[in-house]
Amino acid sequence: MSVKIRLTRIGRHKDPFYRVVASDSRVARDGGCIEQIGTYDPKKGVEAADINEELALKWLNAGAIPSDSVKAMLSKKGIIAKYAAAKAKK
């Protein structure tokens with residue numbers, strides 16, 4: 001099973017809102033997820049994204065692959081840098 005960290009849309013028509021989730025890569029975009037990591041409102045921007053750092057690092061250490069948009073969010077929050085530093089220590 002390949003786990004991805006990606007966005008799941010939950011907003012209304014023409015009013016997007018997303019959850020950042022860890023899910024099986026074979027499941028549909030809005031299908032079941034393993035765990036919710038955070039939320040993202042594109043109207044407020046990436047800086048306002050609410051991401052649980054502990055859960056994100058847990059899934060990255062477990063081998064989850066972030067999508068391009070989530071990877072950009074994690075980079076802006078500094079989570080990718082912490083993951084890389086921890087990985088370099090090992």
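Counting other C-beta atoms within 10 Å, and keeping those with at most 15, which DSSP coil trypsin sites (Lys or Arg not before Pro) do you find in the range 1-73? If you can, show how the numbers build up before the last one.
On the way: sites: 4, 6, 9, 12, 14, 19, 26, 29, 43, 44, 58, 71; in loops: 14, 26, 29, 43, 44.
Those that pass, being in a loop and sparsely packed, are 14, 26, 29, 43, 44.
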Backbone N under 17 Å from the residue 72 label point (7 Å along Cα→Cβ), restricted to the range 2-22: 5-9, 16-21
Summed side-chain charge close to residue 85 - residues other than residue 85 whose Cβ falls under 15 Å, Lys, Arg +1, Asp, Glu -1: +4
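Probe of 1.4 angstrom, ligands and nucleic acids ignored: what's the accessible area per residue over the chain, in square angstrom?
On the way: 5700 Å² over 90 residues.
Per residue, the chain has an accessible area of 63 Å².
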Histogram of C-alpha separations across the chain, 5 Å bin width, %: 3, 15, 26, 25, 18, 9, 3, 1, 0, 0
Of all accessible heavy-atom area on the chain, the percent that carbon and sulfur account for (1.4 Å): 52 percent
Label-to-label distance, nm, for residues given as residue 47 and residue 12 (7 Å Cα→Cβ offset): 2.8 nm
Estimated distance in nm for a label pair at residue 62 and residue 33, the labels positioned 7 Å out from Cα along Cα-to-Cβ: 1.3 nm
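The values are calculated or read from the model by the stated rules, or taken from the named source; none is laboratory data. Computed from a predicted structure; not experimentally measured. Note: ideal-geometry Cβ built from the backbone for every residue, glycine included; neighbour counts use all protein chains shown. The protein model used for the area step is the full one, side chains on, heavy atoms only, and it has no ligands, DNA or RNA in it. Shrake-Rupley method; radii C 1.70, N 1.55, O 1.52, S 1.80 Å.
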